[in-house]
Amino acid sequence: MTPLINLQLAAEQKSATVTDWSDRIGWIVGLLLFVALVYWLMREGWKWRGTLQSDLPELPTAPDDPGTARLSMSGRYHGSTTAGQWLDRIVAHGLGTRSRADVTLTDAGVDVVRPGASDFFIPVAQLREARLDKGIAGKVLTEGGMLIITWQHGDKLLDSGFRSDHSAGQADWVDAVNAMTRPVTHSTHTSTTEGTAR
């Protein structure tokens, strides 16, 4: 009786399923190929966008003597877009490359020094305005968390996004840039001895 019970128990027990490594390796290789394809398509899209923007002129460089620094900040450069279209990223001439940045405002304009990426300079004549906003292509922050500088480059109006390591000082940048871009108006009062014309 006992041997019969043992035989029945042995028949009921099943061995653990053996891992089929060929299937698993096939899935892993397939996934890696899919990721590589997506990366390649993204890279080709980036290059295609750069080709479409090839009419954008070379970036200005800082003059030898830019003048005394009015403001400076260290932080991050988050990219540039077509002005007013915060998802239309500009990638030509390295403007699409995010990086650390040391930004200085002088009487000559805005000097952007980027370790590991192309530096560029925004001459004061090309500055249009500055504002605090919540984001730019690929980066969204809290309301007012990003400094956006609007400037003219060739025939295109651009928005460039910066985030200071000390965001409290970004409002000073808005005031200073906007003061430089708005012409000073002098009110002229002409007084005559004849009084108001009737």
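The values are calculated or read from the model by the stated rules, or taken from the named source; none is laboratory data. Because the structure is a prediction, the values reported are computed rather than measured. Every residue, glycine as well, gets a Cβ built from its backbone with ideal geometry; the counts of neighbours run over all protein chains shown. Protein only, heavy atoms only, side chains kept; ligands, DNA and RNA dropped before computing areas. Shrake-Rupley method; radii C 1.70, N 1.55, O 1.52, S 1.80 Å.
Would you mind calculating the gained length between H166 and L87 on full extension (0.36 nm times residue separation, minus the Cα-Cα distance), in nm to one decimal? Working shown, then result.
Numbers: separation 79, 0.36 × 79 = 28.44 nm, distance 2.54 nm.
Full-extension gain reported as 25.9 nm.
For T104, T81, give me the order by solvent-accessible area with a 1.4 Å probe, most accessible first, ignoring ligands, DNA and RNA.
Details: T104 40, T81 0 Å².
I get T104, T81, largest accessible area first.
Mind checking the per residue accessible area of the range 60-128 for me, 1.4 Å probe, whole number of Å²?
On the way: 3150 Å² over 69 residues.
Per residue, the range 60-128 has an accessible area of 46 Å².
Taking 0.36 nm per intervening residue step and subtracting the Cα-Cα distance, what contour gain separates A36 from A125 on full extension?
Numbers: separation 89, 0.36 × 89 = 32.04 nm, distance 4.45 nm.
Once the chain is fully extended between A36 and A125, it gains 27.6 nm.
Using a basic spin-label model with each label point 7 Å from the Cα along Cα→Cβ, how many nm lie between A69 and A176?
0.9 nm
Mind checking the full-extension length gain between L132 and D23? Use 0.36 nm per residue of separation minus the Cα-Cα distance, one decimal, nm.
33.9 nm
Ranked from highest to lowest mean number of other Cβ atoms within 10 Å per residue, what is the order of the peptides 90-100, 23-33? Kindly include the intermediate steps, with their values, before the conclusion.
On the way: 90-100: 17.9, 23-33: 10.0.
Most protected by this proxy first, the peptides run 90-100, 23-33.
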